[in-house]
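Down below is the structure, laid out as structure tokens.
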Amino acid sequence: MEIPAINLKAIVLAHWLLTLWACSFPWLPTSYALGNMSVLAVGVWAIAQRDSIDAVLMFLIGLAVTILTDIVHFGLYYAIAERGKTDLFRFCGGMAILNLLLKPVSCFFVYQMYRERGGEYNVNFGFPKITRNRDAYESIDHQDQSGSSASSYNQAEGGKPGPSPY
């Protein structure tokens, strides 16, 4: 089953429209609008540079971070604004919640775009990593014995004793 290709422009446009509708009633703080709009600006950068892996990765990380910040904003400010209960508040709250629910789906499609642009499956942030892959190492168990095969472990070539084992 192949995943349908969703255009990055459609994702940015949908989240931009839902963010605008969510901010039509002043129930959310300014940090909600600034956070979401700055992530959408990174999305515009990803649209403008079609070959940039960094732009798509930053847009993906920004969407993931705004999922968490949106949950915090709704938890803190929804109950305060619910006292007004106007139709405009219900519409704006519904659009903000719909925006939040669509973000994981958008993250999935943006991750697919990240892979299409040449991104790795594992995200590397430049930190050193320790691996158990030993394909690049040479084994020291099988040494070349170019000299006489009669030399013992403790003796070097020429009959002189080698370094003593500890």
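Contact order normalised by length for the range 21-86, with contacts defined as Cα pairs under 8 Å and 6 or more residues apart; what percent is it?
39
Leaving ligands and nucleic acids out of the surface, order CYS107, CYS92, CYS23 by accessible area at 1.4 Å, largest first.
Of CYS107, CYS92, CYS23, the descending order of accessible area is CYS23, CYS107, CYS92.
Does a label point 7 Å from the Cα of LEU68, set along Cα-to-beta-carbon, have any residues of the range 12-33 with amide nitrogen under 20 Å, and which are they?
Output list for this probe position: 29-33.
Can you tell me, using C-alpha contacts under 8 Å and at least 6 residues apart, the relative contact order of the range 8-117 as a whole percent?
41
What figure, in Å² to the nearest 10, do you get for the accessible area of THR86 with a 1.4 Å probe and non-protein molecules left out?
Looks like 60 Å² after rounding.
Can you give me the solvent accessible area of VAL65 with a 1.4 Å probe, rounded to the nearest 10 Å²?
Taking all protein chains as shown, VAL65 has close to 80 Å².
The values are calculated or read from the model by the stated rules, or taken from the named source; none is laboratory data. Because the structure is a prediction, the values reported are computed rather than measured. Methodologically, a virtual Cβ is constructed for each residue, glycine included, from the backbone with ideal geometry; neighbour enumeration extends over all protein chains shown. Protein only, heavy atoms only, side chains kept; ligands, DNA and RNA dropped before computing areas. Shrake-Rupley method; radii C 1.70, N 1.55, O 1.52, S 1.80 Å.
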